[in-house]
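Participant: Could you have a look at this structure, given as structure tokens, before my questions?
Here, each number is a calculation from the coordinates, and none is a lab measurement. Please read these numbers as outputs of a predicted model, since none were measured by experiment. Backbone-built Cβ (ideal geometry, glycine too); neighbour counts: all protein chains shown.
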Amino acid sequence: MDQLKYRSVFDIIGPIMVGPSSSHTAGAARIGKVVRSIFGEQPDSVDIYLYESFAKTYRGHGTDVALVGGLLGMAPDDARLADSLKIAYESGMEVLFVPRKEKAEHPNSVKMLLTKGKRKMTVTGISIGGGNIQISELNGFKISLTMGTPTFITVHQDVPGMIAKVTNIFSNAAVNIGTMTVTRESKGEKAIMIIEVDEPRPDIKEQLKQLEHIDSVTYFD
């Protein structure tokens, strides 16, 4: 069994949040916020496919407003979370909820299809309890992103040499890369790197942002 890392007693008791369930509300909001960070901008539309427990109770437990709030950049304790569906509508983000009957790898699973213009991205997230989450799929690639280790997410133009430039920054800073996932939407379009490193180094975010062809950089620790 994978060991969960807890940084404080609040990770065990539960997070500060708006809503009745840490898995269905706090975890859902965190999934939405991480997905927004991976996409790098607010999408025009989002199709949200809910599975098992999420599919059965997403309205009653506030999973719908939490996911959308996260996609708008809200944290689980944001007072605006309850109005997220209205705010999404007012900001021009269309949202479609699709409960699915088939089994999923975890009872609290959600798959999102984000679209902005010609850009499309799919992400699958899991709320594993206590507000903790895992990202298990990105654009059809199986990944295991737990947000339990320092993580950088870049959105950039798919041009030659970008991976070398990014990894060179980590090398020069003497920071070891634990895992790295690279995917792109199509040749020459947007590409994404998810990089987990061995030590917290938020200062590297600014160095990455200075690179040519980088659109956005997000850092979690």
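Participant: Please list the equivalent ellipsoid semi-axes of the chain, computed as the square roots of five times the alpha-carbon gyration tensor eigenvalues, in descending order and whole angstrom. Intermediate values should be presented prior to the final figure.
Facilitator: On the way: eigenvalues 157, 85, 49 Å².
Semi-axes (√(5λ), whole Å): 28, 21, 16.
Participant: In the range 99-206, which trypsin sites (Lys or Arg not before Pro) are in a loop and have at most 15 other Cβ atoms within 10 Å, using DSSP for the loop call?
Facilitator: On the way: sites: R100, K101, K103, K111, K116, K118, R119, K120, K142, K165, R184, K187, K190, K205; in loops: K101, K103, K118, K187.
Of the trypsin sites (Lys or Arg not before Pro), the ones in loops of the range 99-206 whose Cβ has at most 15 other Cβ atoms within 10 Å are K101, K103, K118, K187.
Participant: How do D64, D203, D83 line up, fewest other C-beta atoms within 10 Å first?
Facilitator: On the way: D64 20, D203 9, D83 15.
Arranged by neighbour count, lowest to highest, D64, D203, D83 become D203, D83, D64.
Participant: Find how much the distance from S91 to N139 grows on full extension, using 0.36 nm per residue of separation minus their present alpha carbon separation; answer in nm with one decimal.
Facilitator: Values: separation 48, 0.36 × 48 = 17.28 nm, distance 2.54 nm.
Result for the pair: 14.7 nm of gain on full extension.
Participant: To continue, here is another question. Using the structure shown, select from K142/K190; K111/K205; K111/K190; K120/K205; K103/K190; K56/K118 the pairs with a Cα to Cα distance greater than 23 angstrom.
Facilitator: Beyond 23 Å between Cα atoms: K111/K205; K120/K205; K103/K190; K56/K118.
Participant: Moving on to the next point. How far, in nm, would the chain grow between T149 and A173 when pulled straight, counting 0.36 nm per residue and subtracting the alpha carbon separation?
Facilitator: Numbers: separation 24, 0.36 × 24 = 8.64 nm, distance 1.76 nm.
6.9 nm is the gain from fully extending T149 to A173.
Participant: Which semi-axis lengths, in whole Å and largest first, follow from the square roots of five times the eigenvalues of the Cα gyration tensor of the range 151-220? Intermediate results must be reported in sequence, preceding the final value.
Facilitator: On the way: eigenvalues 74, 28, 23 Å².
So the equivalent ellipsoid measures 19, 12, 11 Å along its semi-axes.
Participant: Another one. Under a crude label model (7 Å from the Cα following the beta-carbon direction), how far is R59 from D198 in nanometres?
Facilitator: 5.1
Participant: What full-extension length gain, to one decimal in nm, is calculated for T115 and Q157 as 0.36 nm per residue of separation minus the Cα-Cα distance?
Facilitator: Numbers: separation 42, 0.36 × 42 = 15.12 nm, distance 1.69 nm.
Value of the extension gain: 13.4 nm.
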